[in-house]
1. Can you name the condition, by its number, that residue 273 falls short on among (1) modelled with pLDDT under 90; (2) surrounded by 14 or more Cβ atoms within 10 Å (Cβ to Cβ); (3) acidic (Asp, Glu)?
2. Take residue 295 and decide whether it is in a helix (DSSP H, G or I), without any contact (Cβ under 8 Å) to a residue 40 or more places away in the chain and closer than 26 Å to residue 220 by Cβ.
3. Looking only at the range 290-327, which residues are under 20 Å from residue 353 (Cβ atoms) and at pLDDT 90 or above?
4. If you go through the range 325-370 one residue at a time, how many are out of contact with any Gly (no Cβ under 7 Å at 6 or more places or on another chain), of a type outside the set (Gly, Ala, Ser) and assigned to a loop (DSSP other than H, G, I, E, B)?
5. Quickly run through the range 182-206 and pick out the residues that are part of a loop (DSSP other than H, G, I, E, B) and surrounded by 24 or more Cβ atoms within 10 Å (Cβ to Cβ).
6. State the number of residues belonging to the range 165-181 that are touching a residue at least 60 places away in the same chain (Cβ under 8 Å) and assigned to a loop (DSSP other than H, G, I, E, B).
7. Whether any residue in the range 207-222 is in a loop (DSSP other than H, G, I, E, B) and more than 20 Å from residue 266 (Cβ to Cβ) is what I want to check.
8. Conditions first: (1) within 30 Å of residue 66 (Cα to Cα); (2) assigned to a strand (DSSP E or B); (3) of a type in the set (A, V, I, L, M, F, W, C). Residue 289 passes all but one, so which condition is the exception?
Amino acid sequence: MKVKLFLGKLAIAILGAAIAILLFVLFVDKKESVVIVPDGRTTQLTNHSVNTAPQIDLTYAAEMSVKSVVHVKTLYSNDEYQSNPFYDFLFGENGRSQQPKASVGSGSGVIISTDGYIVTNNHVVEGSKLISVVLYDKREYEGKLIGQDPYTDLALIKIDEKDLPKMDLGNSDDIKLGEWVLAVGNPFNLTSTVTAGIISAKARNLGLNGNRMSIESFLQTDAAVNPGNSGGALVDTRGHLIGINTAIESRTGSYSGYSFAIPVTIVEKVIGDLKEFGEVQRAFIGVSIRTVDANLADEFNINKIEGVYVADLNEGGAAEEAGIKKGDIILNVEGKDVNSSAELQEQVSKYHPGDKITVLIKREDEKQQIAVILRNRLGNTKVIKSDDLAFLGADFEPVSSQDKYRLQINRGVRVTNLRSGKLKNEGIKEGFIIYKINETPIYKVDDVKNALQNVKDGGVFISGIYPDGSVKYYAFSLRSKE
């Protein structure tokens, strides 16, 4: 009896187990995952993410670049230290109001060759009587000014030394928004200072110089830059130079989040010209342009917002000779897209007069490639050298403070040693004081050369005064006949 009872209960248990298994197979969701977790690990099935972002190490770039950045110290006399738009942008227009007779300045520079060539900003050394260069290891040298270009705010200086730690050049065209960069310089005389940030924007035109000849296509970064950083290096994560730190946007004169650097593609061309020719061989395409935006597109029924609009052409200029027409849209230069005046200037500035470049334009919605032979400021393709002022047939000297006071002028250079040349042919006499060429005020001898680089269509209009107080004006053309 007990055996039969036991067997009955066992049969019921087996039947119940079979029913449970059947119900499991029929009703449990077969999509449910079964996870086997090895010992020592935990697994989270929801909201799980893996951080795969690369870790940026800037220590190598910092270590390499600080050795190539120098401290540039300058000495000025009060008469020579004239107003400079880049200085005013940093410090305000009252920055020089209470200067002593001798003023000192401070900036940075970058060694670009082992034999002592150093690039810096023009506004760091402009008008200085003495340039002193202090290396990373505290050695100090007198710097010689090789050349300067106010239109890009770059200058080249040289020290007499060998085996210096030069900085390799990068490619600012290839740098992308968001890439990490370092700013290296000497802010507030704090030597060998390194700050980090990212590329915030490219091809910024700030209008600092206010001169139509100026080239501004800045790299914008949020790396901290302050007074004293000017002329220092903007480097990539490999420690390669991609820009020369030049300006900050600030209401206080100190860093407030925006800083700007001249891209190395411009630097390399300008410094190469200064080293070889003594001045920049500036190439011109000969167009006046407008950025294509929504308003322009609506005005001229342009179906796509891209490129730059050719608003006008210089008569006999490179673009006109090549067949570019008013109303064309320039899309790229040598394969590099251009969508603003700054971008077009930057691309053209890489070339020399006489170089042939390919320009992609759009005309009536049809694209075509046009070959353009670039020209110099005089309208030809010849090299312009530093001694090209010899054609004027005169030397120039500063005007004394006494003569300025007597004649009630605040600037000017005096014509001396007049000989056969352009000035004599136009009737200018020795002793004439030039205080303006076209719209450029003349404060020092170098301003004469710089002003002649800014002539339009070769025309020169000189304003000045003779020692007896008589004001005279002279006009002539620089354009040579080919």
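1. It is condition (1) that residue 273 fails.
2. Numbers: in a helix (DSSP H, G or I): yes; without any contact (Cβ under 8 Å) to a residue 40 or more places away in the chain: yes; closer than 26 Å to residue 220 by Cβ: yes.
In short, yes.
3. 318, 319, 320, 321, 322, 323, 324
4. First, the residues of the range 325-370 that are out of contact with any Gly (no Cβ under 7 Å at 6 or more places or on another chain): 325-328, 332-337, 340-361, 363-369.
Narrowing further to those that are of a type outside the set (Gly, Ala, Ser): 325-326, 328, 332-334, 336-337, 343-348, 350-353, 355-361, 363-369.
Okay, now just the ones that are also assigned to a loop (DSSP other than H, G, I, E, B), so 325-326, 328, 334, 350-353, 355, 364-365.
Number of matching residues: 11.
5. 186
6. So the answer is 9.
7. yes
8. Going through (1) within 30 Å of residue 66 (Cα to Cα); (2) assigned to a strand (DSSP E or B); (3) of a type in the set (A, V, I, L, M, F, W, C) one by one, residue 289 breaks only (1).
The values are calculated or read from the model by the stated rules, or taken from the named source; none is laboratory data. As the structure is a computational prediction, the values presented were derived from the model and not from experiment. All Cβ positions, glycine included, derive from the backbone under ideal geometry; neighbour counts span all protein chains shown.
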